[in-house]
Amino acid sequence: MADLREVDIQYVLGRLRPGSAYHWRGSGSTGNDYDAIGDWRDPRTTKPDAADLLAEWEIVRQERAAQEQARRQRQQKLDSLRQSNGNDIDLAKFAGQSPLDELARKVAWLEQEIRALRGE
């Protein structure tokens, strides 16, 4: 599990207690530890303890790792498709067909792939 000094405490507090009021004593470069939270000013919620912050930070790290993995997979897929399509650029293999028609089909395909990768 991570050390509390590695935790983006303000970000984690926003996830654990969205909208809760508290005084932040930390300045980013110094005081980014549990004591930097200062006074907990939200009477509706309790101040999360260090274990809560560490547990939520571990979830954040796992989510970020999954997002990075998905980004790498999308990039690998695009690289593979780019290489595959790069091999299809030989216009001689489209003899008798308009190169512009083939280019238009490739552009339409590429736009469709971009939309699919963006989840649109």
Which listed residue is at pLDDT 95 or above and out of contact with any helix residue (DSSP H, G or I) (no Cβ under 6 Å at 6 or more places or on another chain), from Gln10, Gln62
Gln62
Are any residues in segment 75-120 modelled with pLDDT under 75 and part of a loop (DSSP other than H, G, I, E, B), and if so, which ones?
Asp88, Ile89, Asp90, Ala95, Gly96, Gln97, Ser98, Glu120
What pairs can you find where one residue is in segment 56-84 and free of Cβ contacts under 8 Å to residues at least 40 places away in the same chain, the other is surrounded by fewer than 10 Cβ atoms within 10 Å (Cβ to Cβ), and their Cβ atoms are less than 9 Å apart, with a gap of 6+ or different chains?
none
Of the residues that sit in segment 31-51 and are in contact (Cβ under 8 Å) with a residue 12 or more places away in the chain and farther than 18 Å from Leu4 by Cα, which one is surrounded by the most Cβ atoms within 10 Å (Cβ to Cβ)?
Trp40
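The values are calculated or read from the model by the stated rules, or taken from the named source; none is laboratory data. None of these values were measured; they are calculated from a predicted model. Glycine also receives a Cβ, built like all others from the backbone with ideal geometry; neighbour counts cover every protein chain displayed.
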